[in-house]
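Shown next, in structure tokens, is the structure this report addresses.
The values are calculated or read from the model by the stated rules, or taken from the named source; none is laboratory data. Keep in mind that what you see is a predicted model, and the values were worked out from it rather than measured. For neighbour counting, all protein chains shown are included, and Cβ atoms are generated from backbone atoms with ideal geometry for every residue, glycine included. SASA here: full protein model, heavy atoms, side chains in, ligands and nucleic acids out. Shrake-Rupley method; radii C 1.70, N 1.55, O 1.52, S 1.80 Å.
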Amino acid sequence: MKEKICVLGLGYIGLPTAAMFASNGFDIIGVDVNEKVVNALNKGEIIIEEPYLDVMVRDVVVSGKLKASVKPEVSDVYIIAVPTPINEDKTADMSYVISATRSIVPLVKKGDIIILESTSPPKTVEDIIVPILKESSLNVEEDLYIAHSPERVIPGKILFELVENNRIVGGIDEESALKVKKLYQSFVKGEIYTTNATTAEMCKLTENTFRDVNIALANELAMICEQMNINVWDVIKFSNKHPRVNLHQPGPGVGGHCIAVDPWFIVEKFPETAKMITLSRTINDSMPEYVFNKSRKILGTLKDKKVTILGITYKPDVDDMRESPIIELIELLEEVSGITISIHDPYVQDFKYLEKDIYTACKDSDLVILGVNHKLFSDANMDRIYKDMKQANILDTRNFFDEKALVGIGFNYNLLGKGK
Ligand code: SAJ
């Protein structure tokens, strides 16, 4: 018989994981402190947006394989997938991990498996999970199998990547790692690599830090190229023709709940040594202000001007606004006296200054800033936007528009990373 699994935390990772195990024949109890999430789930409904997840969840709830509760129940496997938010001082808030682990202490029995999926600072399993589990009457190292197996899925493609991506499992000992590997093999088609818990924790943070450091390099190059009056996007495109070079893309900053957050979990533990990681975070965090200053230079002054922003989500073609650098840009613009701000984002239903129609948003505007390169924007009639704007200035932060075409229409086209 298959193990009974208790998944703690029914968010972007916990819920798809719970649904995936359930659809592979396991009995799942999904736990969340939010009653709304639990009540919705027990009706087969979900409150997060992710392609195909609603259908999968409905099926496993109807078949009785997935049930939700506000409290954990005795199971054979416990998967901790609660949030690890970042505090004001850039340290990880581990309170949800701590309370989730505490909640299973009275339930665990000899032979159970405990998996931490939440992205966590290095040594979380060793320094937090294991000591808390020792509050049970068990001999933890002997009686339990404990591992960290970080999620690596990308929002928008979660169900596909849960199955297809390679996975790392880091155990407190080899037996733990192998047990957990076998469990994930029930649905993972990618390779599953086993190691120790701290290495697995560090791998997850390293992957996102790699991306952050490389984006910071691209952003720094963008600022340098502007000063040299050349185009960074050409520099990156041609440099990437080298077989061993893979530069990332510059932009208005790094958003989302992962890449802008995870590097701090390394810095937290090694503040003196993690110099490049800290600097990269600082460079990427400075980009909204850089875009703000560039906007001001284009118009001379932003006072009493109308500025339109196209796209405010943290990346293209999603509705997720978490940690979006464009929100920060908007906050900077809001400080300018007499400014009128207008926003159009086809993926966002509810936000201030929002206009449902792109042409209304751009009408009488002095400057249009392309914040996010949603594919849908390529359908816009730029001739019409040009005619309706007060001054036809564009600032493209993503190298999205066709410069020649826009200049041909008459726009004053400005590109982040390109000097005049
Ligand atoms: N960005 C750039 N330039 C680039 C690439 C991205 O400015 O060249 C910006 C994007 O605009 C966005 C931010 O970075 O604001 C992050 O977007 P992303 O698509 O790079 O990543 P996320 O945050 O959606 O998902 C990442 C993924 N990690 C890696 O690719 C190493 C994903 O696989 C992880 O599972 C996820 O973080 C996570 O949950 O940790």
Counting Lys +1, Arg +1, Asp -1, Glu -1, what net charge surrounds K67 among other residues with beta carbon under 11 Å of its beta carbon?
0
Near E335, within a Cβ-to-Cβ distance under 13 Å, what is the net charge of the other residues, with Lys and Arg +1 and Asp and Glu -1?
-2
Could you check the simple spin-label distance between V407 and S337, using points 7 Å along Cα→Cβ, in nm with one decimal?
3.8 nm
When you count, for each residue, the other Cβ atoms within 10 Å and take the mean per peptide, how do 319-327, 300-308, 75-83 rank with the highest first?
75-83, 319-327, 300-308
Nearest-ten-degree value, helix 197-227 long axis tilted from longest Cα axis of the chain
0 degrees
Using only alpha carbon pairs under 8 Å that are at least six residues apart, calculate the relative contact order of region 233-420 and give it in whole percent.
20 percent
In whole Hz, with x marking every Gly and Pro, tabulate ³J(HN,Hα) for region 292-302 from phi via Karplus 6.51 cos²θ - 1.76 cosθ + 1.60, θ = phi - 60°.
4, 5, 5, 4, 5, 5, 4, 9, x, 9, 9
Which cross-chain or sequence-distant (5 or more) residues have an amide H under 5 Å from the amide H of I79, H modelled 1.01 Å from N in plane?
C6, V7, L8, I115
Quick note, region 261-353: a/c under 1.5 would make it rounded; otherwise a/b > b/c is prolate and the rest oblate (a ≥ b ≥ c, C-alpha gyration tensor); here it is oblate
Under the Kirkwood approximation for Rh and a Cα-based Rg, what ratio Rg/Rh is obtained for the chain?
1.03
Would you grab the residues whose amide H sits under 5 Å from the one on I230? Only those 5+ places off in sequence or on another chain, please, with H modelled 1.01 Å from N.
G419
Select from region 298-367 those chymotrypsin sites (Phe, Trp or Tyr not before Pro) which occupy a DSSP coil region and have at most 15 other Cβ atoms within 10 Å, ordered by residue number.
F351
Modelling each spin label as a point 7 Å along the Cα-to-Cβ direction, I'd like the N165/K189 distance in nm, to one decimal.
1.6 nm
With every protein chain present, what accessible area does F270 have (1.4 Å probe, heavy atoms only), rounded to the nearest 10 Å²?
110 Å²
Against the longest principal axis of the chain, how steep is helix 325-334, in degrees 0 to 90 to the nearest 10, with axes from Cα atoms?
50 degrees
Residue by residue through region 95-109, which ³J(HN,Hα) values in whole Hz follow from phi under the Karplus form 6.51 cos²θ - 1.76 cosθ + 1.60 (θ = phi - 60°), with glycine and proline marked x?
4, 6, 5, 5, 6, 5, 5, 4, 5, 9, 3, x, 9, 5, 9
So, in nm, how far is label E73 from label I154 when the simple model puts each one 7 Å beyond its Cα toward the Cβ?
3.7 nm
Potential lengthening between E135 and T301 on full extension [0.36 nm per residue; Cα-Cα distance subtracted]
53.6 nm
Quick one: which of 141-151, 164-174 comes out on top by average Cβ neighbours within 10 Å, and what's the full order, highest first?
141-151, 164-174
Please report the spacing between the Cα centers of region 88-122 and region 218-239 in Å, no decimals.
43 Å
Give me a comma-separated list of calculated 3J(HN,Hα) values for region 177-192, in order, Karplus coefficients 6.51, -1.76, 1.60 applied at θ = phi - 60°, integers in Hz, x for any Gly or Pro.
4, 5, 4, 6, 4, 4, 4, 5, 4, 5, 9, 7, 9, x, 6, 10
Find the relative contact order for the chain and round it to a whole percent, using C-alpha pairs within less than 8 Å whose residues are 6+ positions apart.
11 percent
Could you pull out the GluC sites (Glu not before Pro) across region 329-396 that fall in loop regions by DSSP (anything but H, G, I, E, B) with no more than 10 other Cβ atoms inside 10 Å?
E335
Tally up the carbon and sulfur contribution to the accessible surface of region 161-234 as a whole percent, 1.4 Å probe, everything protein left in place.
51 percent
For K4, what is the net charge nearby, where nearby means another residue's Cβ is under 11 Å from its Cβ and Lys, Arg count +1, Asp, Glu -1?
-2
Percentage, to the nearest whole number, of Cα pairs in region 121-193 over 16 Å apart:
54 percent
Debye calc, one equal point scatterer per Cα of region 233-420, no solvent, log10 I(q)/I(0) at q = 0.10, 0.13 1/Å comes to -0.43, -0.71
Interchain or sequence-distant (5+) residues whose placed amide H lies within less than 5 Å of the amide H of I86 are D93
Relative to the longest principal Cα axis of the chain, at what angle does helix 53-62 sit, 0 to 90 degrees, rounded to 10?
30 degrees
Note on region 4-196: alpha-carbon gyration tensor, axes a ≥ b ≥ c; rule is a/c under 1.5 for rounded, else prolate if a/b larger than b/c, else oblate; result rounded
